[in-house]
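Step one of this worksheet: look at the structure below.
Each reported figure results from applying straightforward, stated rules to the coordinates on display, with no laboratory input. The model shown is predicted, which means the values in this text are computed figures rather than measured ones. Quick reminder, even Gly has a Cβ in these numbers, built from the backbone with ideal geometry, and neighbours come from all protein chains shown.
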Amino acid sequence: MTNKTLAIHQYFPDASRLILGTMNLGAWDESPITTEDINQAFDLVTEAIDLGINVIDLADIYTYGKSEKIIGELFKRERSLRHHLILQSKVGIKLPPINTSTKITKQYDLSADWICESVNNSIKRLHNQNLDILFLHRPDPLLELEPMMQALSTLHEQGKFEYLAVSNMHAGQIAWLQSATSIPIIANQLEMSLEKAGFVEDGITTNMSENKQYGFPRGTLEFSQQAGIQLQAWGALSQGLFGRDEVATDKLAYSEEKLRAINTTRELIQTLSKEYEVENNAIVLAWLLRHPSGIQPVLGTSKSSRLKALSQATNIQLSKEHWYAIFEASRGQEVP
Ligand SMILES: NC(=O)c1ccc[n+]([C@@H]2O[C@H](COP(=O)([O-])OP(=O)(O)OC[C@H]3O[C@@H](n4cnc5c(N)ncnc54)[C@H](OP(=O)(O)O)[C@@H]3O)[C@@H](O)[C@H]2O)c1
């Protein structure tokens, strides 16, 4: 399982199957970063490296820049850490500042000026480390292709990043962007999980009245594989929906039918976790890893202990019978 060749291996032959997400490093508020934040991140990143996880997923907006800053503090503390990691960060979302009374609307921004400003700030926060992969976080409907590509090309020539990637984009958008640049677009990061299983569901209900079109971009899975674009899954654990001891309170608003399906799935996962001798969450992850497109899940945990348990998913391979049984339980009925 771990030896599977991934699309990203064309560019980074040693890239790990799992990716460490950083959206929860530091707090999503105005508070400054603390020594505790840095120590916690140090434990997490060193544990990741020990477990063979060497891709780290950042974004300019995560915890209002604090997440990148915390990782930068780690490089300051131990410079050699950088050599063990493939650094990917993102640009393209502009959050309203928290500390202002003026109403500023949240927006996507892939303008030349914002891309340059934001990428340079990310690099500064990362203690002057350039990026291996720069993601365009979300498609900005107002983006102007030529000036955007010019800005990216300048940053690329300056060595600020090596490869481009996109997030939350469909096949047509990727093809359009790639037509305007010679910098390879090497990955697409989308929400994919046992809960958000549109990437499977849409395909198996094609031409049927029950096709719900979950929002997963039709054809993108196939396009990415054909074009050698690495698929990365955010939200891969559905925030622990199936792995927690109890359903999280924010999910209790789901319909009775959906909650029933979640509970049936949780029970099945508990049974399988004993059979495969791994933690519940590792079974959830193994379900995603079993998909032949070679998805790289981005793990949002902030705890090194959970990371260790999750990494067990790469040591097992779910049988086809178990993969379908989990899928049937989570969709609440057998496949059509
Ligand atoms: N490209 C995009 O648009 C986009 C969007 C969102 C996220 N991302 C990336 O993807 C990463 C992961 O996303 P995510 O955080 O939404 O998804 P996730 O990995 O599904 O969820 C992580 C969260 O679930 C909690 N959790 C997991 N298992 C649990 C359990 N058994 N019991 C209790 N809590 C549990 C974790 O808490 P602990 O910290 O306690 O483990 C953490 O808060 C992010 O860090 C970021 O790098 C990208």
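Looking at region 132-178, which of the residues that are closer than 23 Å to I8 by Cβ and in a loop (DSSP other than H, G, I, E, B) is farthest from the ligand (Cβ to nearest atom)?
Among those residues, the one meeting the criterion is G159.
Just name the residue that is farthest from the ligand (Cβ to nearest atom) out of those in region 23-39 that are in contact with an Asp or Glu (Cβ under 9 Å, 6 or more places away or on another chain) and part of a loop (DSSP other than H, G, I, E, B).
I33
Taking the condition of being aliphatic (A, V, I, L, M) and in a strand (DSSP E or B), how many residues in region 64-111 meet it?
Residues meeting the conditions: 4.
Please work out which residue is surrounded by the most Cβ atoms within 10 Å (Cβ to Cβ), limiting yourself to region 285-336 and to residues that are of a type in the set (G, A, S) and over 22 Å from the mean Cα position of the chain (by Cα).
A329
Of all residues in region 215-236, how many are within 16 Å of the ligand (Cβ to nearest atom) and farther than 19 Å from R17 by Cα?
Taking region 215-236 first, the residues within 16 Å of the ligand (Cβ to nearest atom) are 215-217, 220, 224, 229-236.
Subsequent filtering for residues that are farther than 19 Å from R17 by Cα retains 215-217, 220.
Selection size over region 215-236: 4.
Quick check on my filter: what residues within region 112-131 are of a type in the set (D, E) and either surrounded by fewer than 13 Cβ atoms within 10 Å (Cβ to Cβ) or part of a loop (DSSP other than H, G, I, E, B) (or both)?
Matches in region 112-131: D113 only.
Could you look through region 237-252, keep only residues that are small (G, A, S) and over 11 Å from N263 (Cα atoms), and pick out the one that is farthest from the ligand (Cβ to nearest atom)?
A248
Take region 1-22 and flag every residue that is among the polar types (S, T, N, Q) and assigned to a loop (DSSP other than H, G, I, E, B).
T2, N3, T5, S16, T22, listed by residue number.
Could you go through region 218-237 and let me know if any residue there is farther than 24 Å from L134 by Cα and outside any loop (DSSP other than H, G, I, E, B).
Within region 218-237, not a single residue is farther than 24 Å from L134 by Cα and outside any loop (DSSP other than H, G, I, E, B).
Is it fair to say T102 is without any contact (Cβ under 8 Å) to a residue 60 or more places away in the chain, in contact with a His (Cβ under 9 Å, 6 or more places away or on another chain) and surrounded by fewer than 18 Cβ atoms within 10 Å (Cβ to Cβ)?
The answer is no for T102.
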